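The values are calculated or read from the model by the stated rules, or taken from the named source; none is laboratory data. Everything numeric in this text was worked out from a predicted model, so none of it was measured. FYI the Cβ positions are ideal-geometry reconstructions off the backbone, even for glycines, and counts take in every protein chain you see. SASA here: full protein model, heavy atoms, side chains in, ligands and nucleic acids out. Shrake-Rupley method; radii C 1.70, N 1.55, O 1.52, S 1.80 Å.
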Amino acid sequence: MMSRFPLGPSLAALLVLAFLGLFLIFPVGTVFHSAFVNSDGSFTLGHFSAFFDQPLMKESFINSLYVAVMSSVFAAIIAVPLAYFTVRFEFRGALLIQTLGVLPLIMPPFVGAVALQLIFGRSGSVNLLLDEWFGVSIPIMDGLNGVIFVESLHYFPFILMNLTVALRNIDGAMEEAAMNLGTRGWRLFSRVIFPLALPGFVAGTSLVFVKVFDDLGTPLVLGTTNMLAPQAYLRITQVGLEDPMGYVISVIMIAFSILALYMSARMLKNRDYSTTQKGGTAIQRRRLRPVESMLAYGWIVLVLLLTLSPHIGVLLLSFAKVWSFAPLPDAYTLAHYETVFADSSNMIGNTLLYCGLAAGIDVVLGTAIAYLILRTRLPARQWLDWAASAALAIPGIVLAIGFLRTFKGVEIPFTDTLVTSSWIIIVIAYAVRRLPYALRACMAALQQLNVSLEEAAESLGAGKLSTIRRIVIPLMAGGILAGFVTSFITAAVELSATIMLVSRESQAPMSYGIYLYMQSVAGRGPGAALGVLAVIAVAAGTYASHLLVERTAARLRATRAQEHES
Amino acid sequence: MLPTLRHAALAAARRHTVLAAALASLCAPAFAGTVTVITSFPKELTQAYKTAFEKKHPDIKLEILNKNTVAGIAYVRETAIGQRPEVFWASAPDAFEVLGRDKLLAAAPEVDNPAIPAKIGNYPINDPKGFYKGQALAGYGIMYNTRYLKANKLTAPKEWKDLLGHEWFGHIGTTSPSRSGTMHLTVETILQGEGWDAGWNTLLRMSANAASVTERSFGVPDGVNNGQFGAGPVIDFFGLAGRYSGFPVDFVYPTVTSIVPANIAVIDGSKNPSEGKKFVAFTLSDEGQQLLLDPKISRLPVLPYAKLAGKVPQGYPDPEAIAKRSKVQFDPNLSEARYYVVQSMFDQTITFRLKELQGAARAIFEAEKKLAGKASPQAAELLKEARGLAFTPLVGSDLAKDPRFLELFAKSKKDAAVNKEITGLEGSWNTKAKANYERAVTLAQQAAALAR
């Protein structure tokens, strides 16, 4: 008889819980407390009723919802074909597409919005040229539409990455069976392949939804304030830091994000997406007919151009001497790169160190939580998921204030350094805020992995731990890596918590440096130069990890082939 | 066997060294004389001071920690006593008021430069309570992009009222006083210079012409620099430094302007207060003041120009002269008394209702254009009413002076009842503003219809 509390999983659950409790629930709780108390410390719900009395808040809520839904739709429209093309068809440069598909995430959202404004804004290159040639301009960056435009370009990789992994994991036999029964084309995709990849799609889309719902940088840079996140931020960061309304909005946003994730989990519940074979016979790659090929390339080039436009903008800006009300800069210079290398080269190393550590913590925790939820019967295990996912909706500044408050005066054991003035606290903040990404990816990977593989291993005498180590984790590798990469690159562009937690310029990461340089009236050139370096560094890291996974997969295939032969 | 053991021991030792190195890197390079300065100032400025100060005091290391003013306050507040940074250095005087009120500043009467006068215009340069010092002066005015103006056939503005016409519709960038201490000062300057009702009329009309209300004060000079906006209200050194850096921009002080100090203070409960004071003293010294004149920095010194003999560039603004010319007698107490009311009114009726406000202005301008040269008393009456609805503040000057009304906003919002009352009021402003702007559109359209 299995105990309700098997030792190993219980211990793991406790460790995960301790981490979440210490670094998420408690710090945020100390801040949230403000949403529920009067100035004398007594409990009240009055702040919430004050919130619902404000018509502006209702409007903000509806706007946020609208933007999040529309951005998810557009992100899916961009991502689904890209993912499908790269997995399903013989395609030159599939790896390039995926690496490029990650690029939007590498840029801090506010830099992306600044750059898109340079290209598509009211005095951006495109509009200046359109005006010169045709006497028209397109208000693509205005109002809610501008936010949707920027957000879908920025976050579609969430869907792309998760869906690509999911599509790769589909057993080719399913497709073969369907094709043998005469299914082809759109029907094959919509009735067989897409449904099998649904966990990855839902994981990605729910991330996009929640992320957009809670994104702050983009609406702020575009000057759209009638949304929830900007309202919360404006409240919290006004000199009246103690204004409870900001915390009320945060509580509401978190509740809503959890609800969205819960609904996406419900969607997938009680359905089995797992297939027993991995990697061996993946979906067959088909050659495209010339017309199809043109259409596919056309779409990809269009998306890539849009996706790359902020990077092109930042690149131009980094070389620009002066760029003002003109389609292109007046003159070019290398001076901004000199400034950056002279002043801030240590920031690159800091970013790699912090984000690497944070992403490492994330995949370990993410794998553990996914396993506990999907493979054990521990009571209340779902709470781990919710708690970890709630981090997605915690504004960075709230978490940071929570940390500073919780660990005030606490020293790192055996040193006389304060927790809050060491860079460890930055790593932990990144890990906590990025855990949901890793978790979604790990969950999707594990959902697609049939439990019978583990049962087989166990029936052959392998213990739980060695089953996990030898069977589960290798088969989840793609998902884990996707989680690592997403955590890593999104941490690399994290700003709101960074600003609060950096206590010395020498420990600052690149995102902080970019922000700092971008504040200068003497020109944003050095900020753009640092942004370009950040993109290159993170893109190289992403590319390297892709190679790593391809190589691992190839090795697995080779091993399997050998086993077949022998 | 033995070599293996040695290997293991070596590996362990290496691990230890790595661990020790990691631990060491966690600890600050903790030599005694580190001064940490929290500031919102741009890197060119802080870098210049860091280089000069470290050269003068080789035993002291200066760490600059750049945070925006609000994050800076929060950081100081949340840091334990004895661990706090040494110096706070920023433009917005209210940040120092908040820090002082929370007992986070240490008075440093011994740190001084006797040559610095007590007042600029009628504004005291140093905190009367002695908690912070004026370190530089800043004036407020209009920055504009000459290339943008030429392309859109606009004339360079000289006064605030030059930005109110229909030809400026959609060409201005502005920010909110709740986001930017310097914008708050600009708003107060206009309100004090023109009076409450006329001042709000100016602010509403200028904002109605705005393409966007940017998230932070830097958004305005940045947008003017890159040509996103034609003009906008900024603090002087933004405009001056932009021009120096080669952007096609210029800056003008309107007659309604104020010159107020940007401040510096020693934080209470810091690690190295005496070294911190040395840095503050350096920024006030003749040498420290001269650094402000670097064209990349372009800030006005608090030290009189006579003391900076020969160092002041040709054509550099003279704060004394501007303060004398200014029509405003800036009253910080008045500003303080209605601080939150002004911010909240601006946000509820402008920032969060920009789309509707723009709509009202557009309808009014279109009606004016159609009615030009056609004398229709009825249309004129409708238009007047529309302008009244769009460009009159929701809180009249009498209410704005009412101490009971102001007292409400001074109470702690942590109290649910107070919070509810304030947010209820804000909600009603917001709804009212929206309704007014929509009504103004209708009236203006009716007026325009009469022209046909």
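Within a 10 angstrom radius of each residue's Cβ in A:43-52, how many Cβ atoms of other chains show up on average? Whole number is fine.
Values: counts 1, 6, 1, 7, 7, 2, 5, 12, 4, 2.
Counting other chains' Cβ atoms within 10 Å and averaging over A:43-52 gives 5.
So how strong a dipole does chain A carry about its Cα centre when Lys and Arg Cβ are +1 and Asp and Glu Cβ are -1, to the nearest 20 debye?
Details: 37 positive and 32 negative charges, 339 e Å.
Charge dipole of chain A: 1620 debye, to the nearest 20.
Find how many whole Å separate the alpha carbon centroid of segment B:121-183 from the alpha carbon centroid of segment A:322-366.
32 Å
If packing is taken as the mean number of other Cβ atoms within 10 Å per residue, what is the order of B:97-110, A:440-453, B:411-424, highest first?
On the way: B:97-110: 16.1, A:440-453: 24.6, B:411-424: 18.8.
Result, highest mean first: A:440-453, B:411-424, B:97-110.
Can you work out ³J(HN,Hα) from phi for every residue in segment A:370-377, in order, using Karplus 6.51 cos²θ - 1.76 cosθ + 1.60 and θ = phi - 60°, giving whole Hz and x for Gly and Pro?
My calculation for segment A:370-377 gives 4, 5, 4, 6, 8, 10, 10, 10 Hz in order.
I'd like the orientation of helix B:416-450 relative to chain B: the angle between its Cα long axis and the longest Cα principal axis, in ° from 0 to 90, rounded to 10.
The two axes meet at around 40 degrees.
What does the C-alpha gyration tensor say about the overall shape of segment A:21-160? Classify as rounded when a/c is under 1.5, otherwise prolate if a/b is larger than b/c, or oblate. Provide the component values of the computation, followed by the final result.
Working: a/c = 2.73, a/b = 1.59, b/c = 1.72.
Oblate is the answer for segment A:21-160, as a/c is 1.5 or above yet b/c matches or exceeds a/b.
Greater than 32 Å separation of Cα atoms is the criterion. Which listed pairs, B:Lys133/B:Lys411; A:Lys408/B:Lys50; B:Lys119/B:Lys434; B:Lys103/B:Lys324; A:Lys58/B:Lys103; B:Lys307/B:Lys401, meet it?
Values: B:Lys133/B:Lys411 28 Å; A:Lys408/B:Lys50 29 Å; B:Lys119/B:Lys434 43 Å; B:Lys103/B:Lys324 35 Å; A:Lys58/B:Lys103 38 Å; B:Lys307/B:Lys401 42 Å.
Long pairs (Cα-Cα over 32 Å): B:Lys119/B:Lys434; B:Lys103/B:Lys324; A:Lys58/B:Lys103; B:Lys307/B:Lys401.
Leaving out ligands and nucleic acids, note down the accessible area per residue over segment B:338-452 with a 1.4 angstrom probe, in whole Å². Walk me through the numbers before you get to the answer.
Values: 5410 Å² over 115 residues.
I get 47 Å² per residue for segment B:338-452.
For segment A:45-333, just say rounded, prolate or oblate: build the C-alpha gyration tensor, square-root its eigenvalues into a ≥ b ≥ c, call rounded for a/c under 1.5, and beyond that prolate if a/b exceeds b/c, oblate if not. Kindly include the intermediate steps, with their values, before the conclusion.
Details: a/c = 2.56, a/b = 1.25, b/c = 2.04.
It comes out oblate by the Cα gyration axes.
Which residue, B:Phe391, B:Ala372, B:Leu334, has the largest displacement toward the positive end of the dipole of segment B:334-452 when charges sit on each Cβ (Lys, Arg +1; Asp, Glu -1)?
B:Ala372
Cross-link candidates for B:Lys420: which aspartates and glutamates have Cα within less than 19 Å, leaving aside residues fewer than 8 places away along the same chain?
Straight-distance partners of B:Lys420: A:Asp40, A:Asp53, A:Glu59, A:Glu242, A:Asp243, B:Asp347, B:Glu407.
Rounding to the nearest 20 debye, state how big the charge dipole of segment A:45-333 is about its Cα centre with +1 on each Lys and Arg Cβ and -1 on each Asp and Glu Cβ. Don't jump to the answer; show the numbers that get you there.
Working: 19 positive and 17 negative charges, 246 e Å.
Here the size comes out at about 1180 debye.
What average count of beta carbons from other chains do you get within 10 Å of the Cβ of residues in B:66-79? Provide the component values of the computation, followed by the final result.
Details: counts 9, 5, 4, 2, 7, 8, 2, 3, 9, 9, 0, 5, 12, 7.
The shielding value for this peptide is 6.
Taking a ≥ b ≥ c as the square roots of the eigenvalues of the Cα gyration tensor of the protein assembly as shown, is the shape rounded (a/c under 1.5), prolate (a/b larger than b/c) or oblate? Provide the component values of the computation, followed by the final result.
On the way: a/c = 1.81, a/b = 1.41, b/c = 1.28.
The shape class here is prolate.
Using Cα pairs closer than 8 Å and at least 6 residues apart in sequence, work out the relative contact order for segment A:294-376, in percent. Don't skip to the end; give the middle numbers.
On the way: 29 pairs, mean separation 11.1, N = 83.
It rounds to 13 percent for segment A:294-376.
Rolling a 1.4 Å sphere over the protein heavy atoms, what is the accessible area per residue of chain A, to the nearest Å²?
Working: 22330 Å² over 566 residues.
On a per-residue basis, 39 Å².
Angle check, please: helix B:377-391 long axis (alpha carbons) against the longest principal axis of chain B (alpha carbons), in degrees 0 to 90, nearest 10.
20 degrees
Determine by what factor the alpha-carbon radius of gyration of segment B:338-452 differs from 2.2 N^0.38 Å, reporting the quotient.
On the way: Rg = 17.3 Å, N = 115, 2.2 N^0.38 = 13.4 Å.
Taking N as the residue count of segment B:338-452, the ratio is 1.30.
Using only Cα atoms and rounding to the nearest 10 degrees, what angle (0 to 90) does helix B:69-78 make with the longest principal axis of chain B?
In chain B, helix B:69-78 runs at an angle near 50 degrees to the longest axis.
Let me know the charge dipole size of the protein assembly as shown about its Cα centre in debye, to the nearest 20, where only the beta-carbon of Lys, Arg (+1) and Asp, Glu (-1) is charged. Each step should come with its number before you reach the end.
Details: 91 positive and 76 negative charges, 413 e Å.
About 1980 debye.
Let me have the 222 nm mean residue ellipticity of the protein assembly as shown computed from DSSP H runs of 4+ only, each contributing -39500 (n - 2.57), with the sum over all residues rounded to the nearest 500.
Numbers: 45 runs with 630 residues, N = 1018.
After summing the helix terms and dividing by the residues of the protein assembly as shown, the value is -20000 deg cm²/dmol.
With just the Cα atoms defining each centre, how far is segment B:45-77 from segment A:18-41? Give it in Å.
First find each Cα centre; the distance between them is then 32 Å.
To make sure I understand the rule: partners must be aspartates and glutamates, Cα under 19 Å from the Cα of B:Lys161, and not fewer than 8 residues away in the same chain. Which ones qualify?
B:Glu188, B:Glu194, B:Asp197, B:Asp236, B:Asp250, B:Glu368
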